[in-house]
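**Q** Input: one structure, supplied below.
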Amino acid sequence: MKSLQLTLMLTMLLTLGSTQLKSAELNSTLKATTEHSLAYEQWLANNPSFEKPEATTLKQSLSSIQYKVTQHEGTERPFSNDYWDNKEDGIYVDIVSGEPLFSSLDKYKSGTGWPSFTRAISTRSMITKDDYGLFSTRTELRSTRADSHLGHLFDDGPRPTGQRYCINSASLRFISKDKLSAEGYPEFSSLFD
């Protein structure tokens with residue numbers, strides 16, 4: 001566990017090293033990243049397996065927009081989705097697998113009409129792919145366990161990371177901080193103490 005913490009801290013230092021962060025801001029960022037990642041690792045240990053349902057089952061359990069977004073790389077309309085303006089404390093999980101993806105502590109108002117975050121709960125919770133659509137190359141974000149399309153990653157976010165995780169609400173389920181334990185995510189309760 002200590003080697004994981006050290007690796008996370010070193011990765012964060014290298015990523016943030018070229019920016020002009022104050023030492024207090026850097027320490028705060030490293031601490032939050034480590035806490036998020038440790039909670040994710042504990043959740044993984046308690047939830048070691050997931051088998052993605054068949055397409056027919058997903059079509060029945062997801063709304064049409066959730067299915068289109070997560071399974072066919074769709075995009076929902078901005079400013080008229082469930083979480084673009086959500087200000088409650090809690091975490092956002094993959095609508096298909098329940099895998100923890102983002103914390104409200106890292107959510108910010110980007111003006112795009114989609115939920116935007118400065119970082120993921122853990123770099124292990126998602127994979128990136130090159131997306132060659134829409135006249136340019138973008139970085140697509142997909143959940144690790146269910147391979148759900150989530151949205152895209154841009155390098156125009158605020159400090160401290162400079163990143164904007166622009167996510168479709170339809171790919172997410174929000175769990176408020178007061179329901180984390182009841183919903184099976186007690187590892188994340190300490191983030192909101």
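**Q** Go through Lys52, Lys59, Lys68 for me and flag whichever is out of contact with any Leu (no Cβ under 7 Å at 6 or more places or on another chain), in contact (Cβ under 8 Å) with a residue 24 or more places away in the chain, basic (Lys, Arg) and farther than 27 Å from Ser110 by Cβ.
**A** Result of the check over Lys52, Lys59, Lys68: Lys52.
**Q** Restricting attention to the stretch 81-90, which residues are open to solvent by less than 80 Å² (accessible area, probe 1.4 Å) and not aromatic (Phe, Trp, Tyr)?
**A** Within the stretch 81-90, Asn81, Asp85, Asn86, Asp89, Gly90 qualify.
**Q** Got at least one residue in the stretch 124-132 being within 21 Å of Gly184 (Cα to Cα) and of a type in the set (Phe, Trp, Tyr)?
**A** No, every residue in the stretch 124-132 fails to be within 21 Å of Gly184 (Cα to Cα) and of a type in the set (Phe, Trp, Tyr).
**Q** Further question on the same structure: Taking the stretch 83-107, which residues are part of a loop (DSSP other than H, G, I, E, B) and of a type outside the set (Lys, Arg)?
**A** Those that are part of a loop (DSSP other than H, G, I, E, B) and of a type outside the set (Lys, Arg): Tyr83, Trp84, Asp85, Asn86, Glu88, Asp89, Ile95, Val96, Ser97, Gly98, Glu99.
**Q** Looking at the structure I just gave you, is Thr56 β-branched (Val, Ile, Thr), surrounded by fewer than 17 Cβ atoms within 10 Å (Cβ to Cβ) and in a loop (DSSP other than H, G, I, E, B)?
**A** Criteria not met by Thr56.
**Q** Kindly check whether there is at least one residue in the stretch 176-184 that is open to solvent by 60 Å² or more (accessible area, probe 1.4 Å) and over 22 Å from Trp43 (Cα atoms).
**A** Taking every residue of the stretch 176-184 in turn, none turns out to be open to solvent by 60 Å² or more (accessible area, probe 1.4 Å) and over 22 Å from Trp43 (Cα atoms).
**Q** Now for a separate question. Kindly provide the set of residues from the stretch 64-77 that are open to solvent by 50 Å² or more (accessible area, probe 1.4 Å) and of a type outside the set (A, V, I, L, M), ordered by number.
**A** Across the stretch 64-77, the qualifying residues are Ser64, Lys68, His72, Glu73, Thr75, Arg77.
Yes/no per residue for (1) outside any loop (DSSP other than H, G, I, E, B); (2) at pLDDT below 95:
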{"position": "Leu26", "(1), (2)": "yes, yes"}
{"position": "Ser49", "(1), (2)": "no, yes"}
{"position": "Gln60", "(1), (2)": "yes, no"}
{"position": "Asn81", "(1), (2)": "no, no"}
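**Q** Could you list, in sequence order, all residues of the stretch 52-96 that are among the hydroxyl-bearing types (Ser, Thr, Tyr) and over 23 Å from Arg138 (Cβ atoms)?
**A** Thr56, Thr57, Ser61, Ser63, Ser64 - these are the residues of the stretch 52-96 that are among the hydroxyl-bearing types (Ser, Thr, Tyr) and over 23 Å from Arg138 (Cβ atoms).
**Q** Then there is this: Go through (1) surrounded by 14 or more Cβ atoms within 10 Å (Cβ to Cβ); (2) over 19 Å from Arg142 (Cα atoms); (3) at pLDDT below 95 one by one and return the number of the condition Ser37 breaks.
**A** (2)
**Q** Counting only residues that are touching a residue at least 12 places away in the same chain (Cβ under 8 Å), in contact with a Ser or Thr (Cβ under 7 Å, 6 or more places away or on another chain) and of a type outside the set (Gly, Ala, Ser), give me the strands (runs of 3 or more DSSP E) lying completely in the stretch 108-193 with at least 2 of them.
**A** 126-131, 138-143, 149-154, 164-167
**Q** With the structure loaded, tell me whether Arg145 is over 18 Å from Lys107 (Cβ atoms), modelled with pLDDT of 95 or more and basic (Lys, Arg) or whether it fails that test.
**A** Yes, satisfied.
**Q** Out of all the residues in the stretch 102-109, is one or more over 14 Å from the mean Cα position of the chain (by Cα) and either more than 20 Å from Gln163 (Cβ to Cβ) or open to solvent by 70 Å² or more (accessible area, probe 1.4 Å) (or both)?
**A** Yes - at least one qualifying residue is present in the stretch 102-109.
**Q** Considering every residue within the stretch 134-147, establish whether at least one is hydrophobic (A, V, I, L, M, F, W, C), open to solvent by less than 30 Å² (accessible area, probe 1.4 Å) and at negative phi.
**A** Checked the stretch 134-147: at least one residue is hydrophobic (A, V, I, L, M, F, W, C), open to solvent by less than 30 Å² (accessible area, probe 1.4 Å) and at negative phi.
The values are calculated or read from the model by the stated rules, or taken from the named source; none is laboratory data. Everything numeric here is computed off the predicted structure, so don't read it as measured data. Don't worry about glycine lacking a Cβ; one is built from the backbone with ideal geometry, like all the others, and counts go over all protein chains shown. Side chains included, ligands, DNA and RNA excluded: accessible areas come from the protein's heavy atoms. Shrake-Rupley method; radii C 1.70, N 1.55, O 1.52, S 1.80 Å.
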